[in-house]
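The values are calculated or read from the model by the stated rules, or taken from the named source; none is laboratory data. Note that the coordinates shown come from a computational prediction; the quantities given were computed from them, not determined experimentally. Here the Cβ is made from the backbone with ideal geometry for all residues, glycine too, and neighbour counts use every protein chain on show. To get the accessible areas, we keep the full protein, side chains included, count just its heavy atoms, and leave off ligands, DNA and RNA. Shrake-Rupley method; radii C 1.70, N 1.55, O 1.52, S 1.80 Å.
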Amino acid sequence: MEDSKIVELYFDRNETAIQASQEKYGPYCLAVAQNILADQGAAEECVNDTWLRAWDAMPPHRPARLSAFLGKITRNLALNRWRGRRAAKRGEGEVPLALVELEECLAGGETPEELLDAKALGEAVTAFLQTQPVLKRIIFVRRYWYLNSVPVIARHLSISESKVKSTLYRMRQELREKLEKEGLA
């Protein structure tokens, strides 16, 4: 089918536009995504998302070259997914792990992100940290603000990993008690 006919199908909101795009440009878009992601499953998901993005973009956009238009959408989706994977690896997965550790101190039913944004909770944590010795404060801040892993903190402070873990555990327990007394947990 001609590109102009496929574009007209998009403008008419005819779902056969997606099928026609898949038949004509599916292998091309899959190759674009596969070259970036090197993962067949993720590449297929990007291609499926491409059809949705094309559906949302037409109208009002009327591409002069449908192949370039669809290829660009696929490329951007694949690059975003690749960056996301890379960022997760760079963070060593510490963000979700640190938040799970803090969940036990925080009130139930709400996410740690929501609670950490609350002004009262921030003030309570700050007040708690001000009562702690410097080493404990550094360990806590490196773990839950900078999201460093336990081995990184131990190396940085020249202490054992078990000391970092036990310090963090005890501090979370103390923090939970403080927050409960103040009605924040």
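The residue pairs whose first member lies in segment 153-180 and is farther than 24 Å from ALA120 by Cβ, whose second member is in a loop (DSSP other than H, G, I, E, B) and open to solvent by less than 40 Å² (accessible area, probe 1.4 Å), and whose beta carbons are closer than 8 Å, counting only pairs six or more residues apart or on different chains, are HIS156/ASN148. Apart from one condition, ALA107 fits all of (1) surrounded by fewer than 15 Cβ atoms within 10 Å (Cβ to Cβ); (2) modelled with pLDDT under 75; (3) not polar (S, T, N, Q); the exception is (1).
Would you say LEU129 is modelled with pLDDT of 75 or more, more than 30 Å from ASP49 (Cα to Cα) and surrounded by fewer than 18 Cβ atoms within 10 Å (Cβ to Cβ)?
yes
The residue of segment 57-99 that is modelled with the highest pLDDT, among those that are open to solvent by 100 Å² or more (accessible area, probe 1.4 Å) and farther than 30 Å from VAL141 by Cα, is ARG62. Of all residues in segment 137-168 being basic (Lys, Arg) and under 29 Å from the mean Cα position of the chain (by Cα), which is farthest from LEU184 (Cα to Cα)? Looking at residues that are basic (Lys, Arg) and under 29 Å from the mean Cα position of the chain (by Cα), I get ARG155.
Residues checked against (1) within 28 Å of ARG83 (Cβ to Cβ); (2) among the polar types (S, T, N, Q); (3) surrounded by fewer than 17 Cβ atoms within 10 Å (Cβ to Cβ); (4) under 24 Å from the mean Cα position of the chain (by Cα):
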site: MET1; (1), (2), (3), (4): no, no, yes, no
site: SER4; (1), (2), (3), (4): no, yes, yes, no
site: ALA17; (1), (2), (3), (4): no, no, no, no
site: SER21; (1), (2), (3), (4): yes, yes, no, no
site: GLY26; (1), (2), (3), (4): yes, no, no, no
site: CYS29; (1), (2), (3), (4): yes, no, no, no
site: GLN34; (1), (2), (3), (4): yes, yes, no, yes
site: GLN40; (1), (2), (3), (4): yes, yes, yes, yes
site: ALA43; (1), (2), (3), (4): yes, no, no, yes
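Taking segment 146-158 as the range and being open to solvent by 40 Å² or more (accessible area, probe 1.4 Å), part of a loop (DSSP other than H, G, I, E, B) and either touching a helix residue (DSSP H, G or I) at 6+ places or on another chain (Cβ under 8 Å) or at pLDDT 85 or above (or both) as the test, the residues that pass are LEU147, SER158.
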